[in-house]
Amino acid sequence: MEPAIDLNRVVQAYTAIKDARTARRHDWEKEDLALEEDQTKLRQVMLHILNTNGAQSIKTENGTAYRKLKLKPSVADWAAFYAWVREDPDRFEAMEKRIKSSFVGEFMEQNEGQLPPGVNAHREYEVAVRRPNAPADKDD
């Protein structure tokens, strides 16, 4: 005969583990957010150094800091943009919760730099770091 299992103790143990996991997850998220903020500050410092030196990249023994241009479109007139998208079902590909950068970039390439109706775009440099001997398309 199997010994009786005290379900109350099993539930208690389960909820204790669940609570411990939740607490650890919250601690990890706070620590990760702080680390992410530190990385953002360091990227700003590296971008400043690259800009000050007029450099696209600077190689160090710990890796290469380099600038990359990122397209960041925004919508100035949602009504105009939606009307334009509705004209051609293939344009729904442009929709995410935000405007899809790759779609706007491709549209601009195919239309002599013109933007879709109701869309603004600006480019800004951000910095990335490549580890020594890492492939060129692998960013950290």
Q) Which loop-located trypsin sites (Lys or Arg not before Pro) does the stretch 91-131 contain, where loop means any DSSP state but H, G, I, E or B and the Cβ has at most 10 other Cβ atoms within 10 Å? A) Lys97, Arg98
Q | Relative contact order of the stretch 52-140, pairs being alpha-carbon contacts under 8 Å that are 6 or more residues apart, as % | A | 41
Q: Take the Cα atoms of the stretch 59-135, find their three principal axes, and give me the spread along each one in whole Å, biggest first.
A: 53, 25, 20
Q | Dipole axis of the chain (+1 Lys, Arg; -1 Asp, Glu on Cβ), positive-most option in Leu50, Asn120, Pro135 | A | Leu50
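Could you tell me which of the pairs Lys30/Lys72; Lys72/Lys100; Lys41/Lys68 are separated by over 19 angstrom between their Cα atoms in the structure shown?
From the list (Lys30/Lys72; Lys72/Lys100; Lys41/Lys68), the Cα-Cα distance tops 19 Å for Lys30/Lys72.
With all protein chains present, how much of the accessible area of the chain (probe radius 1.4 Å) comes from carbon and sulfur, to the nearest whole percent?
Values: 5750 of 11270 Å².
Roughly 51 percent of what the probe reaches on the chain is carbon or sulfur.
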Q | Isotropically averaged projected area of the stretch 82-125, using the convex hull of Cα atoms (one quarter of hull area), nm² | A | 3.4
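Residue separation times 0.36 nm, minus the C-alpha to C-alpha distance between Ala76 and Arg131: what's the value?
That pair, Ala76 and Arg131, stretches by 15.9 nm at full extension.
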Q | Whole-number percent relative contact order across the stretch 1-101, with pairs defined as alpha carbons under 8 Å at least 6 apart | A | 14
(Q) Between 0 and 90 degrees, rounded to the nearest ten: what's the tilt of helix 7-52 against the longest Cα principal axis of the chain? (A) 30
(Q) Given points 7 Å out from each Cα along the Cα-Cβ axis, report the Glu61 to Ile17 separation in nanometres with one decimal. (A) 4.8
Q. To the nearest 10 degrees, how steep is helix 101-110 against the longest Cα principal axis of the chain, on a 0 to 90 scale?
A. 20
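Kindly provide the Kirkwood hydrodynamic radius of the chain in Å, to one decimal, from all pairs of distinct alpha carbon atoms. Each step should come with its number before you reach the end.
Details: mean 1/r = 0.0500 Å⁻¹.
Computed over Cα pairs of the chain, the Kirkwood hydrodynamic radius comes out at 20.0 Å.
Compute the accessible area per residue over the chain, keeping the other protein chains in place, probe 1.4 Å, unit Å².
Dividing the accessible area of the chain by its residue count gives 81 Å².
The values are calculated or read from the model by the stated rules, or taken from the named source; none is laboratory data. Bear in mind the structure is a predicted one, so any value in this text is a computation, not a measurement. Heads up, the Cβs are rebuilt from the backbone with ideal geometry, glycines too, and the neighbour counts pull from every protein chain shown. Just the protein is used for accessible areas: all its heavy atoms, side chains included, with ligands, DNA and RNA removed. Shrake-Rupley method; radii C 1.70, N 1.55, O 1.52, S 1.80 Å.
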